Amino acid sequence: MSEPVLQVTDLAIALPTGGDRPFAVSGVSFAVRRGEIVCLVGESGSGKSVIAHATMGLLPRALAVTAGTIALEGEDIVRASAERLRALRAARMSMIFQEPMTALNPVMRCGDQIDEVLRTHTPLAPAERRAKILDIVREVHLPDPDRVVASYPHQLSGGQRQRIMIAMALVLEPALLIADEPTTALDVTTQAQILKLVRELQAKHGTGVLFITHDFGVVSEIADRVAVLRRGKLVEMGPKDEVLRRPRHPYTKMLIGSVPSMTPHGRPVDASARVILATRGLAKTYGASGFFRRRAAVRAAEDVNLEIRRGQTLGIVGESGSGKSTVARCIVRLVDPSAGEVLLDGEDIAAKPARKLGAMRRRVQIVFQDPFASLNPRMRVADILAEGMRALDRGGTEGERSRRIDALLEQVGLPATAKDRYPHEFSGGQRQRIAIARALAVRPKLIVADEPTSALDVSVQAQIVNLLAGLQAELGIAYLFITHNLGLVEYLAHEVAVMYLGRIVERGPAERVLGSPAHPYTQALLAAVPAVAPGGAALAAARIEGELPSPISPPAGCHFHPRCPQATAACRSAYPQETRIAPDHAVRCHLHG
């Protein structure tokens, strides 16, 4: 075996406050060899990112390495000077961060940001640097390199921005690449493309990769070896197949057991239950009118027809930019629909003026993706929960509201003492429970959950989904559950609607849509889901490549045909009509016309 590119030995990193856990990392040892991918796995707070930042010499001043060594190609990083660390970064070790929009400079063109690495670390002339930049942009499979290098980060999609980060990290062919949750914010097809790209480039350049994640599907897809961290300690390490098939530590078994299964199981819909929400021809076009007129209209949603009954969950899935969140915001009237009806208990609320929406707000509530952004950081939990009751007159007297708050916290699994604390004093999963309690405070009939678990690690995701399922069984609430995590949809949803470029391309019972998908796009989404079990069977459909087309100028005919492996001449000329392939299963595809 080759010599380690990275050797971490008995590493200890102290926390500033001490307390019941004095160390962020304690006694951790592992190695990453050239040409090897080691996945560092664990929940939030386990110490994964702390180890990554210590390796790059980027620890905040409040944290300090108190014991052990971090050796990069035999050189101890812990004792290196700031000047030496600057020389090593990008040249011998590089890092891909979780959120490229935050990591990239928003006021510099992407090509200039890659060029900054070359100007700092090489004596290359401008023409040579330009050629190298275009080469690495092609290598990460970005289309139209000249346009991409001239673009600012906000002009690129999330997947394209992550490819720019990878290009910056690998342009000098470092010995070690650290990838810190690089696919967490990406949809399933973009995630599959990025994982494939990292594998391809790592094999080509012989780079050692330390890949940090909490997703065991990602581990199964990309790892050679796995190291499992819990509260700063390494509890299990071994080859990928050994750890995933025969985990030994109870914590590893718990993490793997928390991954939602992709085995479809039927959740029958009670056809006699009352329809809570229905949309008819719902559409939303941005930029078509108004003072801030765009050069072209963006059709974010078009001809969307949905129906949700009491006690039912409808899951909406699709890539980022498919229109899922636009539909959600139209339904709760955070944005005004451009056309169509939104029927809440049979009443059309699509065109109601804002001043008359009070009664609607009592019946439908929303849980957002990021609870830290959606909860007021300057309000205590009790005030956050009481605010809706006061505004919508559903809480009675102050004493009744106080008792209701205690009951709500108990319902979502939090102690009554939580009401006196602020949002920053809770973990991500606890904050999301508070957001759910706030939605429940006015006793709604429908909750719209817009990516409510995407920012959470796998065990907390399982807790939140189990909580939602339990509340539905107890209270009969209907959910519109928006996500790109198909495993969660399979677990929670009764019915599924698949969106592509603003339109629903397939809808029906979850068991049928996920078990026997009819549309090539649905098949591609399922094929892109990494399986936890190594060697697990994949769908015959090839994974799709390329980016979602722009909604400003969608392709003629079926919008999916440029990426569809089964496209025909008919697909290029006309958009397909909806076809029922079963009484409760519909698809828009010429293959089923």
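The values are calculated or read from the model by the stated rules, or taken from the named source; none is laboratory data. What you see is a predicted model; the values in this text were computed from it and never measured. Methodologically, a virtual Cβ is constructed for each residue, glycine included, from the backbone with ideal geometry; neighbour enumeration extends over all protein chains shown. Only protein heavy atoms, including side chains, enter the accessible area calculation; ligands, DNA and RNA are left aside. Shrake-Rupley method; radii C 1.70, N 1.55, O 1.52, S 1.80 Å.
What does the charge count around ILE477 come to, taking other residues whose C-beta lies under 10 Å from its C-beta (Lys +1, Arg +1, Asp -1, Glu -1)?
Here the count lands on +2.
Could you look at the stretch 4-257 and say what percent of its accessible area is carbon and sulfur, using a 1.4 Å probe and all protein chains?
51 percent
Please give the solvent-accessible surface of HIS424 in Å², to the nearest 10, using a probe radius of 1.4 Å with every protein chain present.
Using a 1.4 Å probe on the heavy atoms, I get roughly 120 Å².
Hey, can you list the DSSP H helices of the chain whose Cα span along the axis is 15 Å or longer and whose average Kyte-Doolittle score is at least 1.0?
For the chain, where a helix must reach 15 Å along its axis and average at least 1.0, the hits are 458-475.
Expressed as a whole percentage, what fraction of the accessible surface of the stretch 275-515 belongs to carbon and sulfur atoms when a 1.4 Å probe is rolled over the protein heavy atoms?
About 47 percent, which is the carbon plus sulfur part of the accessible surface.
In whole Å and largest first, what semi-axes does the C-alpha gyration tensor of the stretch 4-257 yield when each eigenvalue is scaled by 5 and square-rooted? All intermediate terms of the calculation are to be shown ahead of the outcome.
Details: eigenvalues 185, 91, 53 Å².
One finds semi-axes of 30, 21, 16 Å for the stretch 4-257.
Counting only other residues whose beta carbon sits under 13 Å from that of ARG512, what net charge do I get with K and R as +1, D and E as -1? All intermediate terms of the calculation are to be shown ahead of the outcome.
Working: positive: ARG267, ARG507, ARG580; negative: GLU490, GLU495, GLU506, GLU511, ASP584.
It works out to a net charge of -2.
List the lysines whose Cα lies under 23 Å from the Cα of LYS132, skipping any in the same chain that are fewer than 8 positions away.
LYS196, LYS204
Suppose all protein chains stay in the model; what accessible area per residue would a 1.4 Å probe give for the stretch 441-506, in Å²?
Accessible surface, normalised per residue, equals 21 Å².
Among the lysines, which have Cα under 21 Å from the Cα of LYS324 when same-chain residues fewer than 8 positions away are ignored?
LYS284, LYS445
Rounded to the nearest 500, what is the 222 nm mean residue ellipticity of the chain from helices alone, with -39500 (n - 2.57) per DSSP H run of 4+ residues and division by all residues?
Details: 22 runs with 203 residues, N = 593.
Helix-only estimate at 222 nm: -10000 deg cm²/dmol.
For MET389, what accessible area in Å² do you get when you roll a 1.4 Å probe over the heavy atoms of the protein chains, rounding to the nearest 10?
Accessible area of MET389: about 0 Å².
Would you mind pulling out the separation of the Cα centroids of the stretch 113-143 and the stretch 211-286, in Å?
Result: 37 Å between the Cα centres.
What is the sum of charges around ARG363, taking Lys and Arg as +1, Asp and Glu as -1, for the other residues whose C-beta is under 10 Å from the C-beta of ARG363?
Taking every other residue near ARG363 into account, the sum is +2.
For semi-axes √(5λ) of the Cα gyration tensor in Å, several values are listed as (i) 32, 27, 23; (ii) 52, 29, 23; (iii) 41, 31, 23; flag the one computed from this structure.
Label of the calculated value: (iii).
Which percent of the accessible area of the stretch 543-593 is formed by carbon and sulfur heavy atoms (probe 1.4 angstrom)? Show your work: numbers first, answer last.
Values: 1480 of 2680 Å².
Carbon and sulfur together cover 55 percent of it.
So, by mean Cβ neighbours within 10 angstrom, what's the order for 581-588, 116-123, 324-331 with the highest one leading?
Taking the mean over residues of other Cβ atoms within 10 Å, the ranking is 324-331, 581-588, 116-123.
Run the quick spin-label model on GLU425 and LEU357: label points 7 Å from Cα toward the beta carbon, then report their separation in nm to one decimal.
3.3 nm
Among the lysines, which fall within straight-line cross-link reach of LYS253, defined as a Cα-Cα distance under 24 Å, with same-chain neighbours fewer than 8 residues apart omitted?
The qualifying lysines are LYS48, LYS233, LYS240.
Starting from the stretch 284-374, pick out the chymotrypsin sites (Phe, Trp or Tyr not before Pro) whose DSSP state is loop and whose Cβ has at most 11 other Cβ atoms within 10 Å.
PHE291, PHE292
Just the number please: accessible area per residue for the stretch 190-230, 1.4 Å probe, all protein chains included, in Å².
Accessible surface, normalised per residue, equals 25 Å².
When the solvent-accessible surface of protein heavy atoms is calculated with a 1.4 angstrom probe, in what order do LYS204, LYS284, LYS233 fall, highest first?
So, going from the largest accessible area down, we get LYS204, LYS233, LYS284.
Indicate, rounded to the nearest 5 percent, the antiparallel portion of the DSSP beta bridges found entirely in the stretch 275-515.
55 percent
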